[in-house]
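Enquirer: Below: one structure in structure tokens.
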Amino acid sequence: MLTIGIDVGGTSVRAGVVDADGAVLDTTRTATPGDERALEEAIGGAVHELAERHEVAAVGLAVAGFVASDRRTVMFAPHLAWRHAPVAERISERVGMPVVLEHDANAAALAEHRFGAARGAGVAVLVAVGTGIGGALLIDGEVFRGAHGVAPELGHLRLVPDGRPCPCGKSGCWERYCSGTALSSTAVELLAKHPGVSTVLAREARGDARAITGRRVAGAARDGDPLAQRAVADLARWLGEGLALVADVYDPEVVVVGGGVSESATLFLDDAREHYASVVTGAGHRPLARIRTAQLGDDAGLVGVATLARDLAVGATQSPGGRLG
Ligand SMILES: [Zn+2]
């Protein structure tokens, strides 16, 4: 049975046909429209395009936002138009197939548990480090959502009292120190603190400080730029610091570090592991979580939600009162 997984992000809608082994057979992508109706049309269009080329049974949407625990309603998504919208029902009517929703980090965690870095783990945490931090917790392969469907919000754990302001309204949140955005902020702060320093990054910043993106800092660190390397070392320390908190609360078997920043994991993951191991409660006297990089890359959300759609579609055909509509 083939299903379609769709990653509905703030910048693009990426859809793929996925088989039972988690392989992506075909994809299509479009820019994310700003209004609700156009967004649903774009999703419907992607499904129709792929369904013309493949026989598919169900659709899953991985959404960057809060999804109600029945997985049929998007409650709130900061970068998407939906507010308390019955998205599963609307898309299902449009495409004539069962539709299920899942938070994008949960979907990615499910994919890593089924096919990737967290395979077989009893307690697994996903930390997706990108523009911010997305988090997910799986217990025996099931998503833990908390009482209202919004747990775990790892990126906004406060690590630094009175620290960098965060768009969430708080300050000192973990993702302000450990993300692509943080890498850029730290590099810009270091440049301001050491105005005389002459490195590639410093020269580029004098042209236009906006050129100092997280990706650029990682690239410069890889090329040996000392200032960029300091910014990366700072990210490694904060990653380790946050992972220690996560381990104190959940005691996971595996932590999967994913998201765009994890593409540069060779620059910082060993240092982060070392810092985590030194600051976790009971350091030296407890088993440590294995900290691994994600294996499914960009496709994780799409593969995870397509797999969920398959599981529920199979369940629905086996029991007449199945949950999909
Ligand atoms: Zn925050």
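The values are calculated or read from the model by the stated rules, or taken from the named source; none is laboratory data. Note that the structure is a prediction, hence the values are computed from the model and not measured. Here Cβ is always computed from backbone atoms with ideal geometry, including for glycine, and neighbour counts include all displayed protein chains.
Enquirer: Go through segment 137-164 and give me each residue that's within 11 Å of the ligand (Cβ to nearest atom), without any contact (Cβ under 8 Å) to a residue 24 or more places away in the chain and among the small types (Gly, Ala, Ser).
Expert: Residue satisfying the conditions is 163 alone.
Enquirer: It is to be established whether one or more residues within segment 124-145 are at positive phi, touching a Gly at 6+ places or on another chain (Cβ under 9 Å) and surrounded by fewer than 24 Cβ atoms within 10 Å (Cβ to Cβ).
Expert: Yes, there is a match, as at least one residue in segment 124-145 is at positive phi, touching a Gly at 6+ places or on another chain (Cβ under 9 Å) and surrounded by fewer than 24 Cβ atoms within 10 Å (Cβ to Cβ).
Enquirer: Among the residues in segment 107-125, are any touching a Pro at 6+ places or on another chain (Cβ under 9 Å) and within 16 Å of the ligand (Cβ to nearest atom)?
Expert: No - not one qualifying residue is present in segment 107-125.
Enquirer: For residue 249, indicate whether it is within 22 Å of residue 265 (Cβ to Cβ) and either assigned to a helix (DSSP H, G or I) or of a type in the set (S, T, N, Q) (or both).
Expert: The answer is no for residue 249.
Enquirer: Among the candidates 24, 56, 8, 18, which residue alone is assigned by TED's automatic domain parsing to the domain that holds residue 311, of a type in the set (A, V, I, L, M, F, W, C) and farther than 21 Å from residue 112 by Cα?
Expert: Going through 24, 56, 8, 18 in turn, the sole match is 56.
Enquirer: Related question: Any idea which residue in segment 242-251 is farthest from residue 110 (Cα to Cα), counting only those that are in contact (Cβ under 8 Å) with a residue 40 or more places away in the chain and surrounded by fewer than 22 Cβ atoms within 10 Å (Cβ to Cβ)?
Expert: Result: 245.
Enquirer: Here's a follow-up. Being within 15 Å of residue 87 (Cα to Cα) and surrounded by 12 or more Cβ atoms within 10 Å (Cβ to Cβ) narrows it down to one of 8, 17, so name that one.
Expert: Only one candidate passes the filter, namely 8.
Enquirer: Next up: Of all residues in segment 52-102, which are assigned to a loop (DSSP other than H, G, I, E, B) and among the polar types (S, T, N, Q)?
Expert: Once the filter is applied, which keeps residues that are assigned to a loop (DSSP other than H, G, I, E, B) and among the polar types (S, T, N, Q), segment 52-102 yields 69, 73.
Enquirer: From the list 108, 81, which residue is closer than 11 Å to residue 304 by Cβ, touching a helix residue (DSSP H, G or I) at 6+ places or on another chain (Cβ under 8 Å) and of a type in the set (Gly, Ala, Ser)?
Expert: Among 108, 81, only 108 is closer than 11 Å to residue 304 by Cβ, touching a helix residue (DSSP H, G or I) at 6+ places or on another chain (Cβ under 8 Å) and of a type in the set (Gly, Ala, Ser).
Enquirer: Go through the residues of segment 252-262 one by one and say whether even a single one is among the acidic types (Asp, Glu), at pLDDT 95 or above and surrounded by fewer than 20 Cβ atoms within 10 Å (Cβ to Cβ).
Expert: Yes; the residues of segment 252-262 include at least one that is among the acidic types (Asp, Glu), at pLDDT 95 or above and surrounded by fewer than 20 Cβ atoms within 10 Å (Cβ to Cβ).
Yes or no, residue by residue, for (1) modelled with pLDDT of 95 or more; (2) in contact with a helix residue (DSSP H, G or I) (Cβ under 7 Å, 6 or more places away or on another chain); (3) not assigned by TED's automatic domain parsing to the domain that holds residue 259:
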position: 134; (1), (2), (3): no, yes, no
position: 137; (1), (2), (3): yes, yes, no
position: 158; (1), (2), (3): yes, no, no
position: 168; (1), (2), (3): no, yes, no
position: 172; (1), (2), (3): yes, no, no
